[in-house]
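S.K.: Let me give you the structure first, and then I'll get to my questions.
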Ligand SMILES: [Zn+2]
């Protein structure tokens, strides 16, 4: 098994007399698709959900997991804010959202 970020070989969790040392962290994720389920009996009721279309396991070695940038991407993926499978955002690019005009 290899780290998904730097590609280094990761080992199993090492148990010692004082405890254990974790060599990697696993994030179970995948490509998702936003879908909506509509209740045909009620037009107003629709349940939005993320359909998992391609399950992927992201392996993060202890070194990469300590990297705040990687940690943030793992976190965002876990929270469903952005997928870690998407390309890295370009450095310095602001998230420009079209301002709402209320005249
Ligand atoms: Zn790594």
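S.K.: For a footprinting-style exposure proxy, rank 49, 24, 65 by other Cβ within 10 Å, fewest first.
M.R.: 49, 65, 24
S.K.: How big is D for the stretch 14-79, in µm² s⁻¹ as a whole number, if Stokes-Einstein is applied with the Kirkwood radius of its Cα pairs at 10 °C and 1.306 mPa s?
M.R.: Value of D from the Cα-based Kirkwood radius: 107 µm²/s.
S.K.: Still on this structure, I have one more. If you stretched the chain out fully between residue 47 and residue 6, how much longer would it get, using 0.36 nm times the residue separation minus the C-alpha to C-alpha distance? Walk me through the numbers on the way to the answer.
M.R.: On the way: separation 41, 0.36 × 41 = 14.76 nm, distance 3.84 nm.
Between residue 47 and residue 6, full extension yields an extra 10.9 nm.
Here, each number is a calculation from the coordinates, and none is a lab measurement. Everything numeric in this text was worked out from a predicted model, so none of it was measured. Cβ coordinates were reconstructed from backbone atoms using ideal geometry, including for glycine residues, and neighbour counts include every protein chain displayed.
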